[in-house]
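Here the structure comes first, spelled out in structure tokens, and everything after it is commentary.
Every number here is computed from the coordinates shown, using simple stated rules; none is lab data. Note that this is a predicted model, so its numbers are computed, not measured. For neighbour counting, all protein chains shown are included, and Cβ atoms are generated from backbone atoms with ideal geometry for every residue, glycine included.
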Protein chains: 2
Amino acid sequence: MSEPSLADKQRFLAMAIAEAVRGARAGLGGPFGAVVVRDGVVVGKASNAVIANRDPTAHAEVLAIRAACAALGSHQLAGCDVYASCEPCPMCLGAVLWARPRALYFAATRADAAAAGFDDAAFHDTVSGRSVATAFVRERVPCEDAGVPFAVYAGLAGRVRY
Amino acid sequence: MSEPSLADKQRFLAMAIAEAVRGARAGLGGPFGAVVVRDGVVVGKASNAVIANRDPTAHAEVLAIRAACAALGSHQLAGCDVYASCEPCPMCLGAVLWARPRALYFAATRADAAAAGFDDAAFHDTVSGRSVATAFVRERVPCEDAGVPFAVYAGLAGRVRY
């Protein structure tokens with residue numbers, strides 16, 4: 001399918017924004033929404049539900065990707081586009097990358113999220129090594145068996161790549 | 001509770017490594033495992049289950065964090081330590097940051113994962129802007145209503161921060 005037009009992008013982003021508003025008003029979590037689209041059809045849709053689900057990973061993009069994968073019966077989203085009401089945090093950007101859609105479109109920015117009190121921008125800086133915004137210990141520990149899982153995996157027949 | 005000793009760290013990392021081996025052998029997904037510990041007690045444990053769950057977000061750390069949050073009834077992991085058999089990808093590092101544990105300890109590195117054929121290092125480079133390893137469209141689209149969710153959120157009473 002051809003790439004979406006600007007009007008298409010804005011239409012699907014308006015749906016993501018509506019999801020964000022709906023979720024925030026319902027007290028599900030932060031004001032963020034996402035939709036996944038394939039061939040012009042919405043195959044996954046979610047608002048942030050961190051508070052309602054008591055799950056820090058229940059961001060809109062993660063939930064929309066999981067819904068789309070469940071709908072499509074696949075661990076990847078080939079040929080899909082992901083629309084997010086706001087630029088994804090590192091967790092959600094990573095989730096998008098692993099899902100391997102065609103494209104990611106977003107409306108607001110990490111700076112907008114920061115202005116609203118969310119740590120997306122700070123966590124981007126932490127993940128990228130530009131700064132460490134939190135009092136957060138991150139340490140590699142020497143372990144003799146660190147390579148064992150990879151060695152076991154290399155020896156398995158019928159591995160499914162992702 | 002005091003910080004774990006080196007022997008403690010290695011003991012819990014050995015459990016994460018065992019989870020990684022177990023999951024890979026069972027064909028659940030990639031050879032990665034994670035455990036979440038509070039006060040010396042494991043409160044969450046998982047192996048990567050991307051293939052079995054048909055879910056690109058079903059990495060070990062994400063699943064272990066979700067299990068720990070379910071066990072503790074909270075959207076955050078205050079006072080907990082996260083142990084991962086391998087350095088977390090950007091998605092999982094983001095998940096750890098949002099969960100706000102005390103510390104993250106890991107055994108193998110993103111370079112080890114890359115050598116085993118996984119895109120963790122490439123995705124770190126993409127998320128940090130050092131390089132874009134994939135033919136991946138990421139575009140901000142101008143939307144008149146981009147700020148509406150944040151405005152709605154700011155007007156809500158009883159917001160729960162995360």
Placing each pseudo-label 7 Å from Cα in the direction of the beta carbon, A:S128 and A:R140 end up separated by a distance in nanometres of 2.2
For A:S74, inter-copy label-point distances (7 Å, Cα→Cβ), nm, shortest first, read 4.0
The long-range amide H neighbours of B:G79, using H built 1.01 Å from N in the peptide plane and a cut-off of under 5 Å, are B:R102
Taking the axis of the rotation relating chain B to chain A, the B residue whose Cβ comes closest, together with that distance in whole Å, is B:S128, 2
Taking B:49-56, B:16-23 and ranking on average Cβ neighbours within 10 Å, highest first, one gets B:16-23, B:49-56
Any residue on another chain or 5+ positions along whose placed amide H is under 5 Å from the amide H of B:A108 is listed here as B:C86, B:E87
Treating only Lys and Arg (+1) and Asp and Glu (-1) as charged, each at its beta carbon, one finds that region B:84-136 has a dipole about its Cα centre, in Debye to the nearest 20, of 260
When A:V37, A:V141 are arranged by how many other beta-carbons sit within 10 Å of their Cβ, fewest first, they go A:V141, A:V37
Sequence order, region A:71-76: Karplus ³J(HN,Hα) from phi using 6.51 cos²θ - 1.76 cosθ + 1.60, θ = phi - 60°, Hz rounded, Gly and Pro as x, gives 5, 8, x, 9, 8, 9
Beyond 28 Å, the calculated P(r) of the protein assembly as shown holds a percent of Cα-Cα pairs equal to 36
Which of A:G29, A:G147, A:G117 fluctuates most in a GNM of chain A (C-alpha springs under 10 Å)? That residue is A:G147
Once the in-chain neighbours fewer than 8 apart are removed, the lysines whose Cα is under 29 Å from B:K9 read B:K45
Mean per-residue count of partner chain Cβ within 10 Å for A:33-41 equals 0
Summing -39500 (n - 2.57) over every DSSP H run of at least 4 residues in chain B and dividing by its residue count gives a helix-only mean residue ellipticity at 222 nm, to the nearest 500 deg cm²/dmol, of -12500 deg cm²/dmol
If every Lys and Arg gets +1 and every Asp and Glu gets -1 at its Cβ, then about the Cα centre region A:58-162 yields a dipole, in debye to the nearest 20, of 380
Rounded to the nearest Å, the spacing of the alpha-carbon centers of region A:57-115 and region B:97-162 is 9
